[in-house]
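What follows is a short report on a single structure.
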Amino acid sequence: MSSLKRILVTGATGKQGGAVIKALLALPPSPPFELVALTRNVNSPSAQALGRKPNVTLLQGDFADVPAIFRQAGAPFYGVFSVQTPMNHHKEEAEGKALAEEAAKNGVEHFIYTSADRGGPKRSDEDATPIPHFISKFNIEERLKTVAAETNGRMRWTIIRPVAFMENLTPDFFGKVMGTAWRFNGRKMQIVSVESIGILAAEAFKNPDQYTGKSISLATDALSFSEANAIFKKKFGHDMPNTYDFIGKIVLFLTWKQLGIMFKWIREEGFGANPEEYRRRFPSMLNFAEWLEQSSKFRK
Ligand SMILES: NC(=O)c1ccc[n+]([C@@H]2O[C@H](COP(=O)([O-])OP(=O)(O)OC[C@H]3O[C@@H](n4cnc5c(N)ncnc54)[C@H](OP(=O)(O)O)[C@@H]3O)[C@@H](O)[C@H]2O)c1
């Protein structure tokens, strides 16, 4: 059996989990961890691509049965990276809590949960916000702290609280809605690329002492729509994706419980990370201009 520390990466075929795997594999010297990528379908093209990477093995599993994930793992996990999808916040909460509980029962030593910023470190600790898929994250965080405390310090935890993803800005209709919501925002919005989340999670797994018991609000830029649009236009010669006001309003109305209420909160309350803090520490974390150039799907 491998002597490397095993890390279960959930959401491995998705944005954040994928970024965590990329960043962990990039750690010098040769990867110190064995990565176990959780997916509901080991035969999907994205899972297969992951499975071809060195030090990555695939594990088929579903949050619908979290104990089975640990039973099928074959050997204990040193670490877990936890991410859930937000479409049904009740399900999200149940899955996120179950993963933390099962990790605590199964000897995990470092559990990293990626949540969402709710107005900076202090407010995020205290205020669940009125947004259903932020409330679920608040409750998962609380449960994680409780079950970790019950292990008498054996399971350490780190919470990453990212702000809005730069990856929301896509060259399709969804990107147009995101651009329009950003325009409605009327003031600076904090943003981060998922690669930065991967970099931070990998650093935390590598240096647990520095990150144990920490909840980190993560942004790498803060721009108004017009500032972002000026950067975008300079690079690509046309405006950032956005659409007519009435279309934006209809979509935000129809998706009120997911997007509408969240953009209202972003407009009225707003994220509270410090966009300079982690970029200073990790220069490879991209700001918006760098992300457009190096990582986005936009091309000249
Ligand atoms: N977008 C933003 O601006 C933003 C900002 C802050 C926080 N967030 C939060 O980020 C989270 C989403 O992260 P993401 O964007 O990285 O997700 P994503 O790209 O949509 O990926 C979701 C992943 O979850 C896996 N998955 C889905 N259902 C599953 C289940 N039942 N059991 C096991 N795995 C399952 C999928 O893997 P398979 O299909 O391979 O199984 C997929 O890899 C949400 O909670 C959201 O609220 C988003």
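Here the range 10-43 is scanned for amide nitrogen atoms under 15 Å from the site 7 Å beyond the Cα of Asn207 along Cα-to-Cβ, giving 27-29. I want to make sure I understand the PRE zone here: with the label point 7 angstrom from the Cα of Ala289 toward its beta carbon, which residues in the range 153-189 have backbone N atoms less than 20 Å away? Within reach of a label on Ala289, which here means backbone N under 20 Å from a point 7 Å along Cα→Cβ, the range 153-189 contributes 166-167, 169, 188-189. Consider a paramagnetic label point 7 Å from the Cα of Asn152 along Cα→Cβ; state which residues of the range 89-111 have an amide N under 17 Å from it. Zone members listed by number: 104-109.
Remark: the chain carries a charge dipole of roughly 580 debye about the Cα centre, counting +1 on each Lys and Arg Cβ and -1 on each Asp and Glu Cβ. Can you tell me what percent of all Cα-Cα pairs in the range 110-153 are more than 12 Å apart? Percentage above 12 Å: 61.
At a probe radius of 1.4 angstrom, the accessible area of the chain per residue rounds to 46 square angstrom. Accessible surface comparison of Lys15, Lys235, Lys105, Lys264, probe 1.4 Å, protein chains only, largest first: the order is Lys105, Lys15, Lys264, Lys235.
DSSP assigns beta bridges within the chain; of those with both partners inside it, close to 10 percent run antiparallel. Full extension of the chain segment joining Lys300 with Phe174 gains 43.4 nm, where the gain is 0.36 nm per residue of separation less the Cα-Cα distance. Among the helices of the chain, those built from whole DSSP H runs whose Cα atoms reach 20 Å or more along their own axis and whose mean Kyte-Doolittle hydropathy is at least -1.0 are 132-149.
Note on the chain: with neighbouring protein chains present and a 1.4 Å probe, carbon and sulfur make up 54 percent of its accessible heavy-atom surface. Restricted to Cα atoms, the chain shows a radius of gyration and a Dmax of 19.0, 59 angstrom. Each residue of the range 171-287 gets 124 Å³ once the volume of the Cα convex hull is shared out per residue. The heavy atoms of Arg143 present about 80 square angstrom of accessible area, all protein chains included, probe 1.4 Å. Cross-link partners for Lys91 among the lysines, with Cα-Cα distance under 16 Å and sequence neighbours closer than 8 places in the same chain left out: Lys137, Lys257. Going by Cα centres, the range 185-214 and the range 94-169 are how many Å apart? Computed from Cα coordinates, the inter-centre distance equals 13 Å.
Extension gain for Thr85 to Lys105 (0.36 nm times residue separation, less C-alpha to C-alpha distance): 4.9 nm. Converting the Cα gyration tensor eigenvalues of the range 1-94 into ellipsoid dimensions via √(5λ) gives semi-axes, longest first, of 21, 15, 13 Å.
Modelled label positions at Lys234 and Asp62, each set 7 Å beyond Cα in the direction of Cβ, lie 4.9 nm from each other.
Each Lys or Arg adds one and each Asp or Glu takes one away; over the other residues whose Cβ falls under 15 Å from the Cβ of Lys188, this sums to -3.
The values are calculated or read from the model by the stated rules, or taken from the named source; none is laboratory data. Values in this document were obtained by computation on a predicted structure and should not be read as measured data. Positions of Cβ are generated from backbone atoms using ideal geometry, with glycine treated the same way; all protein chains shown enter the neighbour counts. Just the protein is used for accessible areas: all its heavy atoms, side chains included, with ligands, DNA and RNA removed. Shrake-Rupley method; radii C 1.70, N 1.55, O 1.52, S 1.80 Å.
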